[in-house]
1. For segment 7-15, take each phi angle, set θ = phi - 60°, evaluate the Karplus expression 6.51 cos²θ - 1.76 cosθ + 1.60, and give the result in whole Hz per residue in order, putting x for glycine and proline.
2. Tell me, how many Å apart are the Cα centres for segment 95-110 and for segment 1-70?
3. Explain nothing, just compute: Karplus ³J(HN,Hα) = 6.51 cos²θ - 1.76 cosθ + 1.60, θ = phi - 60°, for every residue of segment 105-122 in order, whole Hz, x for Gly and Pro.
4. Using a simple charge model, +1 on the beta-carbon of Lys and Arg, -1 on the beta-carbon of Asp and Glu, nothing else, what dipole does the chain show about its Cα centre, in debye to the nearest 20?
5. What is the set of long-range amide H partners of R77 at a cut-off below 5 Å, with H atoms built 1.01 Å from backbone N?
6. Probe 1.4 Å, all protein chains in place: accessible area of V37 in Å², nearest 10?
7. Can you work out D for the chain in µm² s⁻¹ from Stokes-Einstein, where Rh is the Kirkwood radius over C-alpha pairs, the temperature is 25 °C and the viscosity is 0.890 mPa s?
8. Would segment 1-48 count as rounded, prolate or oblate if I go by the C-alpha gyration tensor, calling it rounded below 1.5 in a/c and otherwise prolate when a/b exceeds b/c, oblate otherwise?
Amino acid sequence: MIDSDLAAFLQEGVGIHIASRNAALEPNGSRALAVKVDADGRHLEVYLATVAAARILPDLQSNGQAAVGFGRPVDDRACQVKGLFVGVRDASEEDRPFITGQWEAFLVNLEKIGIPRAATGAWITWPVVAIRLRANAIFDQTPGPSAGVSLT
């Protein structure tokens, strides 16, 4: 489902936002720090601050539906991966260098468009949970004629 080229884009240090919805179809969401795509291309782990996960985990546990948006600030390349909740775990210290590396790459991207690092210092980046999803749909979200086109 997620080929190696798309996986490279998703993991290069782009802006990541995970969203859910409750039974009343009201949305919830959070900025994520990093994502890891499994070698099978069907599963991904989305890493977000534990404090932020408290907003969306009840939705994921009740209906299982998530959407993860990815956007590169420097050129607006974007996509959305929809998926089903598989599980959640606390990120470990072994995960931390990977998460920090992706977050730092995102901050570099923000600097390239004029957002200084000082403006991002208040974001909580630890402790973190890893939300595991099984991808079931992927859409191009880059502005232009292909926006909304299925990539699966």
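The values are calculated or read from the model by the stated rules, or taken from the named source; none is laboratory data. Not measured: the values here are computed from a predicted model. Positions of Cβ are backbone-derived with ideal geometry, glycine not excepted, and every protein chain shown enters the neighbour counts. Ligands, DNA and RNA are stripped out before the accessible areas are found, and what is left, the full protein with its side chains, is counted by its heavy atoms. Shrake-Rupley method; radii C 1.70, N 1.55, O 1.52, S 1.80 Å.
1. Running phi through 6.51 cos²θ - 1.76 cosθ + 1.60 with θ = phi - 60° gives 4, 4, 4, 4, 9, 7, x, 9, x Hz.
2. One Cα centre to the other: 16 Å.
3. Here the 3J(HN,Hα) series is 5, 5, 4, 4, 4, 5, 4, 5, 9, x, 9, x, 4, 4, 6, 10, x, 7 Hz.
4. Values: 14 positive and 17 negative charges, 66 e Å.
Using only the charged Cβ atoms, the result is roughly 320 debye.
5. R72
6. Solvent-accessible area, nearest 10 Å²: 20 Å².
7. The calculation lands on 157 µm²/s.
8. Values: a/c = 2.87, a/b = 1.79, b/c = 1.60.
Judged from the Cα gyration tensor, segment 1-48 comes out prolate (a/c at least 1.5, a/b above b/c).
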